[in-house]
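Structure record follows, encoded as structure tokens.
The values are calculated or read from the model by the stated rules, or taken from the named source; none is laboratory data. Quick caveat, the model's predicted, so the values are computed rather than measured. Neighbour counts are summed over all protein chains in view; Cβ atoms, including those assigned to glycine, are modelled from backbone coordinates with ideal geometry. When the accessible area is computed, the model is the full protein with side chains, heavy atoms only, and any ligands, DNA or RNA have been set aside. Shrake-Rupley method; radii C 1.70, N 1.55, O 1.52, S 1.80 Å.
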Amino acid sequence: MTEQLTAIFGSAIVGSEVQCGDQEVLFVEPAQSREILEWLKDNEEHSYDLLLDVTAVDYGSVPGVQVVYQLWSIIHKKLLRIKCSLPENRLKIRTVVDLWSCANWLEREVFDLFGVDFVGHPDLRRILMPKNYSEGHPLRKTFPLRGKFSREKQTKIALEQDYEDYYRPEQLGALGIEPVNDAD
Amino acid sequence: MGIIDDNKRQLPVAGNSAPTFLTTKVDFVVNWARRNSLWPMPFGTACCAIEMMASAASNFDLARFGMERMSFSPRQADVLICAGRVPYKLAPVLRRTWDQMMQPKWCISMGACASSGGVFDTYSMVQGIDTIVPVDVYVPGCPPRPEGLIYGLMMIQEKIRNEALADGSLRKEDPEGAGKPEANSSEVRALTGVFGNSTQQEKVSSLAQTARPGRFKDLLG
Ligand code: SF4
């Protein structure tokens, strides 16, 4: 498969290896990651049609973030992991939400914790950390374990959150989700 | 404070006067009723909540001491039992649950995490719920055994027994006080010593870079 991909995408395929016995890992260039994922999804021979996970790793030794896509082919029962290294100064990659809609929240999570900007994502905002969290992206290796603010300031900011805001019906409506009517 | 009448005179009310024969007798009856019908508001967020459930179940049976019913509505509860970790995202929820409880109310902080943040000395965790709500009893342990929680509740009962109408300092609420540490930073530094803890922000443990983990095959050589 690696030869096949190299024939099509050329230097966008950086390398491949097998990890942990049988986990195939493919390293790709961020500029073409979307095309490669689309090809893997639509190609009949491989048809990696299920996106199991989108996550990211900050190894610390190399500045920057590695975005990881875990794919599963339902028909062929095969796993594939795609890794994509983003340099520190350009944490940008194209979204795959239109290929797999389950990527929506997963990409929001990666954005929230690592600060990766998914270009073209329909609703890129924080998902795990509080909405008014302003200390940055906590899973980066450069982020201090206890956060950047003092505990006093952190508690202050936390108590200022409006948690009812998370579920405002108008906002759900803006995303095309029907608000639940309590009267029914 | 207190009640002012039309002629700007302060009226004697509970909390302002010295104990009298009448108020001490009323105290006795009121405190007896209160301490034997404490309804807990369970705020279980993690593993400690399992022990709290165990304390309510038949082997330990909290109901023997008057905690007949776990009240899942804060408006009908007397004692908030915060069992488990509280992240900052949950902090305003805990605060509002406390604010919704009617006076008189008490609070138990159950376990190391609720009392001090425990091992979770990180960016996302409240370091002790006493920065958010006033706590009456801290139950130590990770998790405390049900006996520990029951002992904590009995300490609250003991506290109620000694309450008096004449004591004006009871039930004072200070909504602005939340999140303000009482000790100043030099006091904290003197107490925590060289190792630092969550209150000492200048000691950052994770800024050092982690070496790239070696592969298994590298290790096997
Ligand atoms: S104190 Fe221990 S048992 Fe309780 S919530 Fe924390 S980790 Fe869990």
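Structure notes:
- So B:Leu149, is it farther than 29 Å from A:Gln154 by Cα, within 15 Å of the ligand (Cβ to nearest atom) and more than 14 Å from chain A (Cβ to nearest Cβ): yes
- Residues that are at positive phi and touching a residue at least 40 places away in the same chain (Cβ under 8 Å) do occur in region A:59-68, at least one of them.
- Within region A:107-118, residues that are closer than 16 Å to A:Pro30 by Cα and crowded, with 22+ Cβ neighbours inside 10 Å have Cβ atoms under 6 Å from residues that are acidic (Asp, Glu) and at pLDDT below 95 in these pairs: A:Phe118/A:Glu107, counting only partners at least 6 apart in sequence or on another chain.
- The one condition from (1) within 16 Å of the ligand (Cβ to nearest atom); (2) more than 14 Å from every other protein chain (Cβ to nearest Cβ); (3) assigned to a loop (DSSP other than H, G, I, E, B) that B:Met102 does not meet is (1).
- Subset of region B:34-89 that is β-branched (Val, Ile, Thr) and part of a loop (DSSP other than H, G, I, E, B) - its residue that is farthest from the ligand (Cβ to nearest atom): B:Val86
- Counting the residues of region A:142-160 that are surrounded by fewer than 17 Cβ atoms within 10 Å (Cβ to Cβ) and closer than 19 Å to A:Gln66 by Cβ gives 1.
- Scanning region A:28-54 for residues that are surrounded by fewer than 17 Cβ atoms within 10 Å (Cβ to Cβ) and touching a strand residue (DSSP E or B) at 6+ places or on another chain (Cβ under 8 Å), we see that the one that is farthest from A:Lys141 (Cα to Cα) is A:Ser47.
- When the residues of region A:55-78 are filtered to those that are assigned to a strand (DSSP E or B) and out of contact with any strand residue (DSSP E or B) (no Cβ under 6 Å at 6 or more places or on another chain), the one that is farthest from the other protein chains (Cβ to nearest Cβ) is A:Ser73.
- B:Gly117 vs. criteria within 16 Å of the ligand (Cβ to nearest atom), within 14 Å of another protein chain (Cβ to nearest Cβ) and open to solvent by less than 30 Å² (accessible area, probe 1.4 Å): yes
- Residue in region A:12-31 that is within 14 Å of another protein chain (Cβ to nearest Cβ) and outside any strand (DSSP E or B) present: yes
- Yes/no for B:Pro144 being at pLDDT 90 or above and within 14 Å of another protein chain (Cβ to nearest Cβ): no
- Here the condition is being more than 14 Å from chain A (Cβ to nearest Cβ), of a type outside the set (D, E, K, R) and crowded, with 23+ Cβ neighbours inside 10 Å; of B:Ile129, B:Ile81, it holds for B:Ile81 alone.
- Subset of region B:129-142 (residues that are more than 22 Å from B:Phe72 (Cα to Cα) and within 12 Å of the ligand (Cβ to nearest atom)): B:Pro140, B:Gly141, B:Cys142
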